[in-house]
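For reference, the structure discussed in these notes is given below.
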Amino acid sequence: MPKIKISVIGAGSVAWSSKLVHDLLHTPSLYGSDVYFMDINEERLRILRGLAEKYKSEVGAEYNFFYTTDRKEAVRDSDVVINTAMYGGHRYYELMREVSEKHGYYRGVNSVEWNMVSDYHTIWGYYQWKLAMDIARDVEELAPGAWLIQMANPVFELTTLISRETRVKVVGLCHGHLGYKEIAQTIGLDPARVGFEAIGFNHVIWLTKFTYDGEDAYPLIDRWVEEKAEQYWSQWRMRQVNPFDIQMSPAAVDMYRRYGLFPVGDTVRGGTWKYHSSLKTKQYWYGPTGGPDSEIGWALYTAHQEYWLATLAQAASDPRIPVSSLFPQTRTEESVVPLIESLMLDKPGEYQVNVLNGNAIEGIPSNVAVEVPARVDARGIHPKTGLRLPRKILSLVMQPRLLRAEMAIAAFLEGGRQFLIDWLMLDPRTRSEEQAEKVWEEILSLPGNEEMKRHYS
């Protein structure tokens, strides 16, 4: 068995880290490895320690787990570094959202066309970006041969930024592409017999191929839309309790009709202001919860996260509750542990990855991170090439989303208030430059944003 070092930065996100622990414990090929869990929140680390050690004992797995608040200790000499850290926690961003809404920016100044996702922090994510770059610099210095797996959002911008500004081998991962399975199940297909290809930017991917037993299955989607969608939505509106239950929502079908390909996963949460201008609008397109990024949906999500954390904490400390009872019998569908196997053990596999475009998708600059299928082995990551999106999607979706990404990257690297003002002058919610100036002044004046304010002076 190999002995590699894996470090997890931001391991205090116990809900996600517990899934990682589960997948590691069900991966005997990596037994004997050292896994460092790092977070600045000692209480969260304590919960994770109790959970991981108890679960390891139940399974009888052979790992050396370490828990630390020292990032450099965790990163030093690692083979793989996983960044899942979110600066400040959800409440920090909710404060900026509240200020935004006071000035007329529903759901926050960070919410813009094709990026309405509540925890995909771009223009107001200064500290999140700084943290990601600090982690990348640590890898560059202390583990120069390691792979950095970027899990923390915004995966699109941060994978692009780290790839451009460092020599680190970085790959972004997300599970949104698994939405193809929900498409298949909804229209009555066995996902195991479905083939798919979904490409674009992270959270903006489109179903370029969809087959069933090797045959084009897009006509089956068309038939469902024409014959069954209305009945499905009628029932769905009465039973929707999960705000993430939107893959086959009216918004998804409308995007398909408008742009020519079906949106996959978190792509459905995006779109233009057509789908997001108010709670009533969101409820029309995303169901009674308004989708995960409405004030209702996001409150449900955060409440569920708190409940799940409490459940995990109880399992960690209560000897009567087997940790294994909270998880499936096999690995989850997360790709991070299988990807580590492929990179470290030379077990070739096919994955959905975020890497610099190169010549993967035609019509997109080579130095921009794209989400594409790739073959992965010990020699590295080998994305498919010659992939194409329709001109309509390139022009109306990808280029506007790329503009926002480049604006946010330039703002982070160069600083200055003008980037922030111009960001909002492109926003349909902005009625005057004075409005944009006032909202930014109040956001930057929040306690804790002193460094951010100096950067954007």
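In what order, largest first, do Leu396, Leu45 sit by accessible area if the probe radius is 1.4 Å? Mind dumping the intermediate values first?
Numbers: Leu396 100, Leu45 10 Å².
In descending accessible area the options line up as Leu396, Leu45.
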Rounded, prolate or oblate: which one fits region 276-364, using the alpha carbon gyration tensor with axes a ≥ b ≥ c (rounded when a/c is under 1.5, else prolate when a/b beats b/c, else oblate)? oblate
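222 nm [θ] for the chain, helices only, -39500 (n - 2.57) per DSSP H run of 4+, per residue, to 500? Don't jump to the answer; show the numbers that get you there.
On the way: 17 runs with 200 residues, N = 457.
Mean residue ellipticity, 222 nm, calculated: -13500 deg cm²/dmol.
If a helix is a whole DSSP H run, which ones in the chain reach 18 Å or further along their own axis (Cα) and hold a mean Kyte-Doolittle hydropathy of at least -1.0?
Numbers: long enough: 42-59 (25 Å, -0.88); 89-102 (21 Å, -1.46); 126-142 (24 Å, -0.45); 295-317 (33 Å, 0.11); 399-414 (22 Å, 0.42).
Membrane-span-like by this rule: 42-59, 126-142, 295-317, 399-414.
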Return the whole-Å distance between the Cα centroid of region 259-318 and the Cα centroid of region 403-419. 28 Å
Kirkwood Rh over alpha-carbon pairs of the chain, then Stokes-Einstein at 10 °C and 1.306 mPa s: what D in µm² s⁻¹, rounded to an integer? 69 µm²/s
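Rounded to the nearest 20 debye, what is the charge dipole size of region 75-142 about its Cα centre when +1 sits on each Lys and Arg Cβ and -1 on each Asp and Glu Cβ? Walk me through the intermediate numbers first.
Details: 7 positive and 11 negative charges, 74 e Å.
Result for region 75-142 is approximately 360 debye, rounded to the nearest 20.
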Taking every DSSP beta bridge with both residues inside the chain, roughly what % is antiparallel (nearest 5)? 55 percent
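Report the full-extension gain for the segment Ser29 to Lys280: residue separation times 0.36 nm, less the Cα-Cα distance, to one decimal in nm. Intermediate values should be presented prior to the final figure.
On the way: separation 251, 0.36 × 251 = 90.36 nm, distance 5.05 nm.
Length gained between Ser29 and Lys280: 85.3 nm.
Give the accessible surface of the chain per residue, rounded to a whole number of Å², with probe radius 1.4 Å and ligands, DNA and RNA excluded. Provide the component values of the computation, followed by the final result.
Values: 18600 Å² over 457 residues.
Per residue, the chain has an accessible area of 41 Å².
Pairs Lys19/Lys72; Lys181/Lys228; Lys282/Lys453; Lys5/Lys209; Lys3/Lys347: which are spaced more than 27 Å apart, C-alpha to C-alpha? Mind showing how you got there, number by number?
Working: Lys19/Lys72 24 Å; Lys181/Lys228 18 Å; Lys282/Lys453 33 Å; Lys5/Lys209 37 Å; Lys3/Lys347 16 Å.
Exceeds cut-off: Lys282/Lys453; Lys5/Lys209.
Could you order Glu101, Glu334 by accessible surface area, starting with the largest, using a probe radius of 1.4 Å?
Working: Glu101 80, Glu334 20 Å².
Order by accessible area, largest first: Glu101, Glu334.
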Descending accessible area (1.4 Å probe), largest on the left, turns Asp427, Asp266, Asp346 into Asp346, Asp266, Asp427
Taking the Cα centre as origin and putting +1 on Lys and Arg beta-carbons and -1 on Asp and Glu beta-carbons, what dipole magnitude results for the chain, to the nearest 20 debye? 440 debye
What residue among Ser7, Ser29, Leu45 has its Cα farthest toward the positive end of the dipole of region 1-46, where the charges are +1 on Lys, Arg and -1 on Asp, Glu, each on the Cβ? Ser29
When the chain is fully extended, how far beyond the present Cα-Cα distance does Arg454 get from Tyr307, taking 0.36 nm per residue of separation? 49.2 nm
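Which of rounded, prolate or oblate describes region 214-355 when judged by the alpha-carbon gyration tensor and an a/c cut-off of 1.5? Kindly include the intermediate steps, with their values, before the conclusion.
Working: a/c = 2.13, a/b = 1.29, b/c = 1.65.
Since a/c reaches 1.5 but b/c is at least a/b, the shape of region 214-355 is classed as oblate.
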Expressed as a whole percentage, what fraction of the accessible surface of region 99-190 belongs to carbon and sulfur atoms when a 1.4 Å probe is rolled over the protein heavy atoms? 44 percent
With every protein chain present, what accessible area does Met344 have (1.4 Å probe, heavy atoms only), rounded to the nearest 10 Å²? 60 Å²
Can you give me the relative contact order of the chain as a percent, contacts being Cα pairs under 8 Å and 6 or more apart? 16 percent
Among 79-89, 307-317, the order from most to least packed when residues are scored by Cβ within 10 Å on average: 79-89, 307-317
Cα gyration tensor category, rounded, prolate or oblate, for region 401-457 with a/c compared to 1.5: oblate
Enter the Cα centre distance for the pair region 422-437 and region 157-234, rounded to the nearest angstrom. 34 Å
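Within 10 Å, Cβ to Cβ, of Ile381, how many net charges do the neighbouring residues add up to if Lys/Arg are +1 and Asp/Glu are -1? Walk me through the numbers on the way to the answer.
Details: positive: Lys169, Arg375, Arg379; negative: Asp377.
Neighbourhood net charge equals +2.
The values are calculated or read from the model by the stated rules, or taken from the named source; none is laboratory data. Since the structure is predicted, the reported quantities are computational estimates derived from the model, not experimental observations. Because the Cβ atoms are built from the backbone with ideal geometry, glycine has one as well, and the counts that use them run over all protein chains shown. These accessible areas exclude ligands, DNA and RNA; they are computed on the full protein's heavy atoms, side chains included. Shrake-Rupley method; radii C 1.70, N 1.55, O 1.52, S 1.80 Å.
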